[in-house]
Amino acid sequence: MPSETKSLRPEAAGEAASDLVRLMARLRAECPWDRKQTFADLSGYLLEECYEALDALARENLDELEGELGDLFFEIVFLAELGRERGAFDLASLAGRVHAKMVARHPHVFGESAVTDAESVRVQWEKLKEKERAGKAAGEETPSPFAGVPRALPALLKAVRVTSRAADLGFDWQRDADVLAKLDEEVGEFKAELLAEGATRDSVAHEIGDILFTVVNVARRHGVDPEAALQATNAKFVRRFEEVARRVRASGRDVAGTPLPELDRTWDDVKKDEKP
């Protein structure tokens, strides 16, 4: 059951948002730190709050997620207040704009369009976005097929977005065997470059980038989020190595002074002891 301080009434959202907007205006007026913040200053905080919310989301900790989403929402309210001060936008105009966009992007809900499944909705969504981009790009000689893909996206997510856009336009491998062959090719080129006499850090980085890009395509074609997959592997490595370190310390030694073969054996033991 929700606590007395929480409300699950939809209409309460507007009341709470209004209170937060008034709070933000007062902070800008009376708090020296809040008063000196700029759009550039808040960009780092916005990104940090996004990642903290994503961490809580990945762990499905709903109590923590509530707090992190609240922090993220505060940064949005803060940016909206800066926009209001500039006479450019405010929280109401932000909400109105995204409301209109969502209505336009869901003609199967608010219009006469008919769709059969989630994939049909996705295809329709992309077509509507393409139409919007075409309208914005009117007058441009060669509008980019990647218009609308944020340049600041994390690399893995950006690779998913640009390859998905290309695939929607028909530029994709026909079979999984083809993309796996491409992965083998990229790994072979990486090995050759790594062993070459004239190999440089930049040339090796180029080949690593090609491998990662191809792996993203494999993930995309199988509906796997590569960022989430890598985060899960990171968490698995951290969990296992922390147990390795615990077992080494329990024997009265330090991890840094333990020979690698022994660490490897302990690692293998930890893997065996993990429950499926």
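The table below gives the values:
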| read-out | value |
| --- | --- |
| Members of the range 57-89 found to be touching a residue at least 12 places away in the same chain (Cβ under 8 Å) and either outside any helix (DSSP H, G or I) or among the aliphatic types (A, V, I, L, M) (or both), listed by number | ALA58, LEU65, LEU69, LEU72, ILE76, VAL77, LEU79, ALA80, LEU82 |
| Among the candidates LEU65, LEU69, LEU57, LEU8, residue that is within 30 Å of ASN234 (Cα to Cα) and at pLDDT below 95 | LEU57 |
| Tabulated pairs, the range 27-54, first closer than 21 Å to ARG84 by Cα, second at pLDDT 90 or above and among the aromatic types (Phe, Trp, Tyr), C-beta under 8 angstrom, 6+ apart or interchain | ASP34/PHE78; GLN37/PHE78; LEU42/PHE78 |
| Qualifying residue in the range 56-63 (condition: more than 22 Å from the chain's Cα centre (by Cα) and basic (Lys, Arg)) | no |
| Among the candidates GLU207, GLU227, GLU185, residue that is surrounded by 11 or more Cβ atoms within 10 Å (Cβ to Cβ), in contact with a helix residue (DSSP H, G or I) (Cβ under 6 Å, 6 or more places away or on another chain), over 30 Å from LYS131 (Cβ atoms) and charged (D, E, K, R) | GLU207 |
| Selection count where residues are of a type outside the set (Val, Ile, Thr), outside any helix (DSSP H, G or I) and more than 16 Å from the chain's Cα centre (by Cα), scope the range 210-262 | 6 |
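The values are calculated or read from the model by the stated rules, or taken from the named source; none is laboratory data. All values reported here derive from a predicted model rather than from experimental measurement. All Cβ positions, glycine included, derive from the backbone under ideal geometry; neighbour counts span all protein chains shown.
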